[in-house]
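Have a look at the structure below, then the notes.
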Amino acid sequence: MDRWLWAVRLTKTRPDAAAACRGGHVRVNDKPAKPATTVVPGDEVRLRIGGTTRILDVVRVIQKRVGAPDAVTCYVDRTPKPPPETAIPVARRDRGAGRPTKRERRVLDAFRQQDL
């Protein structure tokens, strides 16, 4: 498992992949995976990395690290798209602009009152 994760470029190093397996961040077919777990084509791999969970179907098993275009052909990414984030306007001032003037402060206060 750790070798496959490293070979298809889901982790930067093989020790990172092994640590993710030991930490319980990798599941194969809804079972916790150890670094030595073998994967076969058709397996579903769930990998939690960087705060997101990726859901992958294994298409091809490789042992050596390959280039990024070849690595993408080894799995099918079924990760759902994240929900769109709503942009909340934030009152910002330029750095070094000093303290706001009385007029600018009133505008900021009115802007903050709109959110309530």
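Points worth noting:
- The helix-based estimate of mean residue ellipticity at 222 nm for the chain, built from -39,500 (n - 2.57) per DSSP H run of four or more residues and divided by its residue count, is -7500 deg cm²/dmol to the nearest 500.
- Over segment 1-77, accessible surface divided per residue gives 58 Å², non-protein components excluded, 1.4 Å probe.
- Comparing Cα centroids, segment 1-42 and segment 75-114 end up 39 angstrom apart.
- For the chain, the longest principal axis of the Cα atoms and the long axis of helix 102-115 meet at an angle of about 50 degrees.
- Debye intensity ratio in log₁₀ form over the Cα atoms of the chain, taken at each q of 0.21 Å⁻¹: -1.15
- Shape category assigned to segment 4-69 from the gyration tensor of Cα positions, a/c cut at 1.5: rounded
- Of the trypsin sites (Lys or Arg not before Pro) found in segment 1-40, those that fall in a DSSP loop while having at most 15 other beta-carbon atoms within 10 Å are ARG9, LYS12.
The values are calculated or read from the model by the stated rules, or taken from the named source; none is laboratory data. Since we're looking at a predicted model, the values are computed, not measured. As a convention, Cβ positions derive from the backbone with ideal geometry for all residues, glycine included, and neighbour counts pool all protein chains shown. Areas reflect the complete protein model, heavy atoms only, side chains present, ligands, DNA and RNA absent. Shrake-Rupley method; radii C 1.70, N 1.55, O 1.52, S 1.80 Å.
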